[in-house]
Amino acid sequence: MKRLNLSPLTESATLLRRAAVVLGSVGLTAIYSLLVLLRALFGRLNRPIVDKYCREWSAALLKLVRASLTVRGEVPDFNDGRRYIIMSTHASHYDIPVSFVSLPGSIRMLAKKELFRIPLLGQAMAAAEFPSIDRSNRIRAVRDLERAKQMMESGIVLWAAPEGTRSSDGTLLPFKKGCFHLALDTAAVIVPVAIRGIHQVLPARSLQINLGQPVDVRVGTPIETAGKSKEDLAQIMSDVRQSLEQLLGDGEPE
């Protein structure tokens, strides 16, 4: 078990503190996006630099809300030559920063195409190898899928949220099939990750921010998709759901 204790205090943020967190988060995101773009412009951007920036950005965001992180479970060796997809619970905007800080490897979020339209952030994500698969356009989807495969083969670990949207109370929502199709198409190893308590930091569809919240990151047993076909899709989705429900439901390990 690994503890990343960023704060011992729990409290509801005042209006002034909420404003500071929001402005600080926007400012940090803009700064790191600019750093990525400037390095890319001068040909000095590489994967280790992006990994470093992602973790620095994430740690800074979590310090603003004084999150206290604990990581439990055995993380696979992401450098063993296989393709990996982290399938995580999704109950907060902070799921991504928590994952960057808690897990090793060159993690990149499988992003919605709308995010790439955000000034600075979208261009930085594209330069930093954040993939997006547009299944509404078949030709584009085939090209995006091939790029995702190449990225995974070169060591990128994809992060995806099978729920598709944020849960307001931390319980699992119905799964969407997109990331499971990607796992089958790339014969990837699925790593279930449950992030307990994260919905208390910034509840979905809420402006309330709670400081010093304990967040428990739990890594489940990897699930192989190699050799599986589309006929196995429902079973794989069931296996991932069962794993995440167990990780969310377990009591505190001794």
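Scan segment 216-238 and give yes if some residue there is within 16 Å of the chain's Cα centre (by Cα), open to solvent by 10 Å² or more (accessible area, probe 1.4 Å) and β-branched (Val, Ile, Thr), otherwise no.
Yes - at least one qualifying residue is present in segment 216-238.
Within 25 Å of Thr221 (Cβ to Cβ), touching a strand residue (DSSP E or B) at 6+ places or on another chain (Cβ under 7 Å) and in a helix (DSSP H, G or I), is that true of Phe78?
Values: within 25 Å of Thr221 (Cβ to Cβ): yes; touching a strand residue (DSSP E or B) at 6+ places or on another chain (Cβ under 7 Å): yes; in a helix (DSSP H, G or I): no.
Against the criterion (within 25 Å of Thr221 (Cβ to Cβ), touching a strand residue (DSSP E or B) at 6+ places or on another chain (Cβ under 7 Å) and in a helix (DSSP H, G or I)), Phe78 does not qualify.
Tell me which of these Ser92 doesn't satisfy, since it passes every other one: (1) at pLDDT 90 or above; (2) within 24 Å of Val36 (Cβ to Cβ); (3) among the small types (Gly, Ala, Ser).
Every listed condition holds for Ser92 apart from (1).
Just to be sure before I move on: is Leu207 touching a residue at least 12 places away in the same chain (Cβ under 8 Å), surrounded by fewer than 20 Cβ atoms within 10 Å (Cβ to Cβ) and within 25 Å of Glu245 (Cα to Cα) in the structure I sent?
Numbers: touching a residue at least 12 places away in the same chain (Cβ under 8 Å): yes; surrounded by fewer than 20 Cβ atoms within 10 Å (Cβ to Cβ): yes; within 25 Å of Glu245 (Cα to Cα): no.
Criteria not met by Leu207.
Search segment 122-143 for residues being over 23 Å from Leu103 (Cα atoms) and assigned to a loop (DSSP other than H, G, I, E, B), and hand back the single one that is farthest from the chain's Cα centre (by Cα).
Within segment 122-143, the first condition is being over 23 Å from Leu103 (Cα atoms), and the residues that meet it are 122-123, 133-143.
From what is left, the residues that are assigned to a loop (DSSP other than H, G, I, E, B) are 133-137.
Values: Ile133: 16, Asp134: 19, Arg135: 20, Ser136: 23, Asn137: 25 Å.
My answer is Asn137.
Of everything in segment 35-59, what is part of a helix (DSSP H, G or I) and open to solvent by less than 50 Å² (accessible area, probe 1.4 Å)? Give them in sequence order. Quick ask: steps written out before the conclusion?
Let us first name the residues in segment 35-59 that are part of a helix (DSSP H, G or I), namely 35-41, 47-59.
Result: Val36, Leu37, Ala40, Ile49, Val50, Asp51, Tyr53, Cys54, Ser58, Ala59.
Is one or more of the residues making up segment 134-145 at pLDDT 90 or above and either within 15 Å of Ala111 (Cβ to Cβ) or out of contact with any Ser or Thr (no Cβ under 8 Å at 6 or more places or on another chain) (or both)? Full working, then the answer.
We begin by selecting, within segment 134-145, every residue at pLDDT 90 or above; these are none.
Checked segment 134-145: no residue is at pLDDT 90 or above and either within 15 Å of Ala111 (Cβ to Cβ) or out of contact with any Ser or Thr (no Cβ under 8 Å at 6 or more places or on another chain) (or both).
Starting from segment 148-175, take each residue that is without any contact (Cβ under 8 Å) to a residue 12 or more places away in the chain and list its partners that are in a strand (DSSP E or B) and buried (at least 20 other Cβ atoms within 10 Å of the Cβ), counting only C-beta distances under 7 angstrom and pairs at least six apart or across chains.
Here the result reads none, with nothing in segment 148-175 linked to a residue that is in a strand (DSSP E or B) and buried (at least 20 other Cβ atoms within 10 Å of the Cβ).
Look through segment 23-34, keep the residues that are in contact (Cβ under 8 Å) with a residue 12 or more places away in the chain and under 20 Å from the mean Cα position of the chain (by Cα), and return whichever of them is least open to solvent (accessible area, probe 1.4 Å). Let's see the steps before the verdict.
Initial filter on segment 23-34 (in contact (Cβ under 8 Å) with a residue 12 or more places away in the chain): 24-25, 28-30, 32-34.
Then drop every residue that is not under 20 Å from the mean Cα position of the chain (by Cα), which leaves 25, 28-30, 32-33.
Values: Ser25: 24, Leu28: 40, Thr29: 33, Ala30: 35, Tyr32: 43, Ser33: 6 Å².
So the residue we want is Ser33.
Looking at segment 164-176, is at least one residue surrounded by 21 or more Cβ atoms within 10 Å (Cβ to Cβ) and at negative phi?
Residues of segment 164-176 that are surrounded by 21 or more Cβ atoms within 10 Å (Cβ to Cβ), as a first pass: none.
No, the conditions are met nowhere in segment 164-176.
What number goes with the only condition from (1) of a type outside the set (S, T, N, Q); (2) under 30 Å from Ala226 (Cβ atoms); (3) open to solvent by 20 Å² or more (accessible area, probe 1.4 Å) that His93 does not pass?
Status for His93: all satisfied but (2).
The values are calculated or read from the model by the stated rules, or taken from the named source; none is laboratory data. All values reported here derive from a predicted model rather than from experimental measurement. Note that each Cβ is placed from the backbone with ideal geometry, even for glycine, and that neighbours are counted across all protein chains shown. The protein model used for the area step is the full one, side chains on, heavy atoms only, and it has no ligands, DNA or RNA in it. Shrake-Rupley method; radii C 1.70, N 1.55, O 1.52, S 1.80 Å.
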